[in-house]
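Heads up: the structure comes next, in structure tokens.
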Amino acid sequence: MPPYEAPPDPSSLTTLASLYEARLRLSPQAPACRHFDTQRQAWCEVTWAELAQRASRFGAALQDLDLRPGERIAVQLAGGPDWMAADWAIQRAGLVTVGLFPDETPAGTARLLADAEVHGLFADDLDLWTSVSRRAELRGLRWVIPVGEPAITQDRRVRRLPEAPTTTLLHLPTPAIDPAALATLVYTSGATGMPMAVMMSHRNLLSNAVATAEALGLRGDDVIHTQLPLTHLFGRTVCVYGAAWCGATLVFGGGGVDLGEELASQKPTVMIGVPRIYERLYAAWQQGLEEAPASRRAFSRLAVEAGWAVRHGAPGTLRSRLLPAALIQRHSAGLQRHLGGRMRLALSGGAALAPQIGRFFCALGVPLVQGYGLTEAGPVVSVDHPGDPDPASCGKPLAGVETRIAANGELQVRGPSVMLGYWRDTAATQHSLDESGWLRTGDKASRLDTDRIYLVGRLKELLVTAGGEKVSPAEVERQLRTLPEIDQVMVVGEGRPFLGALVVPQSGALAMLRASLGLNDGDDSEMALCRIEDALLDRCQAVLGEAPRNHWIARVALVMQPWTPASGLLTATQKLRRSEIERTHRSEVERLYRGYFSSPLTDCSRNATLAT
């Protein structure tokens, strides 16, 4: 393994291009990333020197455009070395990276290309572009380069990526770039309406990447696994820029290989992902225990309790204190085997993580810490400390980030990574940013008696039942997702007499539940459905046993078709499109409240409908 240099001095980094090039100078033969090549059916490693050669090809393509600094280039590629190379070339030319999801719809792609006034597009293939070009003229778009296939088409704008440019990237002319200049446009997920482009500067992104890497203690010998898309600012800032700063190797997962196989073959030391990744790992562990003898299930629960007590000074029960250390270690080793054998840290971000899942991983020797943020903040606002995690919190604010809680309970933040504003939307910018630079997050928080951040819900994501009870559905859903039987869940109850839940079940756990109820696998009768839903309700109520009474679920309705971005029921970043899900499953919702008076729409529910 090549030697790893210390990270570059943050004060020497003024632009994203300077970050890439500092890492190239420090460790040219060190691996920048690994990715799974679907054509070769093998993992490939790319060094920083090789990544610079790839970036030279993208740089040569940009030279042909003769663009002015600040003009926009879109990248619609899967996360991997080509995404990093394209971004490097764009940043060195003083241009602006506009990330688009590869699975964005043709209509959505056309809309975003037009909104950002993009001049060039790097795409995975021609299929999507062909559909886009039929929908919109896009006169400002001067060329499209399909990176993954030959450019065979009658469209004069489609060009080929240069194979072997005569001039390397570092010898191409580069303009003077202000650290405060626009570096990227990042479109928010649009969970409640049309996507908005967030403007981020070089200084915004560099300060956030370095502060997050320092807070997590990332090292040059780390191997960081992620399935986060680089269009998402969380994946780009923390994984790409953070890894480039500290010299870690980035493993791009999700390339058609099973997660367990990825972890076993790549043996990462750090994992960064959304809560759903950890929820599924936890559910798989729990499902394995369901098939084990009762004694093993009991010992596993005690091992988690004892492990938490040992590592975090909690008192634990008498039985857990008497548990042999060797038994705790045995369970810890079992979890490590599932994670590749070398995992020292896991980070969850993008949505709230159920505290019991964080506690489970931490108790068995893998600190699973939660981060909090939003695109407009850079994106990371806070992360928990790996040496002293509190699974119920979102951690401590990053160095240089100020926080305050407004009179209505809203968390507000200020710091060097807070956005420049929204692209060509002064009214929206003024609504989110005050004159002193404080950003309204829209999240409700309580500080309690420490400097950690504890979120209690969204200001706008509240259900108001017919009885006037206000409920944060995300908090209830977070607890319900800890059940191995539940894959996806959405809580409903706006203007209704009680809360209900639409549940997409885990197929394996559902089969086991059917068997435990004595139901045949193909029995889809109404009676069978009622028995399954009743059994699920019992499990939901058990999980919510300690929750406030306004969080109790009174009925459950099964939904057999998973919610996906392609169906329009999830955003590209896996957030629920609540009004669309409720509209699609109107019959299931009505079945939840059959026999009860349906009250008129409240102001909140009307707003939710209009926002779509």
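Inside region 419-455, can you point out the residues that are open to solvent by 80 Å² or more (accessible area, probe 1.4 Å) and among the β-branched types (Val, Ile, Thr)?
Of everything in region 419-455, just one residue is open to solvent by 80 Å² or more (accessible area, probe 1.4 Å) and among the β-branched types (Val, Ile, Thr), namely Thr426.
Scan region 11-48 residue by residue and report those that are in a helix (DSSP H, G or I) and surrounded by fewer than 16 Cβ atoms within 10 Å (Cβ to Cβ).
Scanning region 11-48 gives Ser11, Ser12, Arg25.
Return yes or no: is Pro81 in contact with a Cys (Cβ under 9 Å, 6 or more places away or on another chain) and either open to solvent by 40 Å² or more (accessible area, probe 1.4 Å) or closer than 18 Å to His232 by Cβ (or both)?
yes
Restricting attention to region 517-560, report how many residues are open to solvent by 70 Å² or more (accessible area, probe 1.4 Å) and of a type in the set (A, V, I, L, M, F, W, C).
Residues in region 517-560 being open to solvent by 70 Å² or more (accessible area, probe 1.4 Å) and of a type in the set (A, V, I, L, M, F, W, C): 4 in total.
I'd like the residue in region 54-71 that is open to solvent by 30 Å² or more (accessible area, probe 1.4 Å) and part of a helix (DSSP H, G or I) and, out of all such residues, is farthest from Leu141 (Cα to Cα).
Across region 54-71, the extreme among qualifying residues is Arg54.
In this structure, is Leu51 closer than 30 Å to Ala572 by Cα, part of a helix (DSSP H, G or I) and modelled with pLDDT under 95?
In short, no.
Here is a list: Gly140, Gly148. Which entry is open to solvent by 30 Å² or more (accessible area, probe 1.4 Å), modelled with pLDDT of 85 or more and not hydrophobic (A, V, I, L, M, F, W, C)?
Only one candidate passes the filter, namely Gly140.
For Ala298, state whether it is assigned to a helix (DSSP H, G or I) and either touching a residue at least 60 places away in the same chain (Cβ under 8 Å) or polar (S, T, N, Q) (or both).
no
Exactly one condition in (1) free of Cβ contacts under 8 Å to residues at least 60 places away in the same chain; (2) open to solvent by 30 Å² or more (accessible area, probe 1.4 Å); (3) part of a loop (DSSP other than H, G, I, E, B) is false for Gly400; which is it?
(1)
Of the residues Ala346, Ala303, which single one is at pLDDT 85 or above, surrounded by 21 or more Cβ atoms within 10 Å (Cβ to Cβ), among the aliphatic types (A, V, I, L, M) and under 24 Å from Gly387 (Cβ atoms)?
Answer to the check: Ala346.
Somewhere in region 497-505, is a residue aliphatic (A, V, I, L, M) and open to solvent by 20 Å² or more (accessible area, probe 1.4 Å)?
No, that holds for no residue.
Counting just the residues of region 232-268 that are among the β-branched types (Val, Ile, Thr) and open to solvent by less than 10 Å² (accessible area, probe 1.4 Å), which one comes out farthest from the chain's Cα centre (by Cα)?
Thr249
Can you tell me which residue among Ile277, Ile224 is open to solvent by less than 10 Å² (accessible area, probe 1.4 Å) and in contact with a Leu (Cβ under 9 Å, 6 or more places away or on another chain)?
Result of the check over Ile277, Ile224: Ile224.
The values are calculated or read from the model by the stated rules, or taken from the named source; none is laboratory data. On a predicted model such as this, the values are computed, not experimentally measured, just so you know. Glycine also receives a Cβ, built like all others from the backbone with ideal geometry; neighbour counts cover every protein chain displayed. Heavy atoms of the whole protein, side chains included, go into the accessibility calculation; ligands, DNA and RNA do not. Shrake-Rupley method; radii C 1.70, N 1.55, O 1.52, S 1.80 Å.
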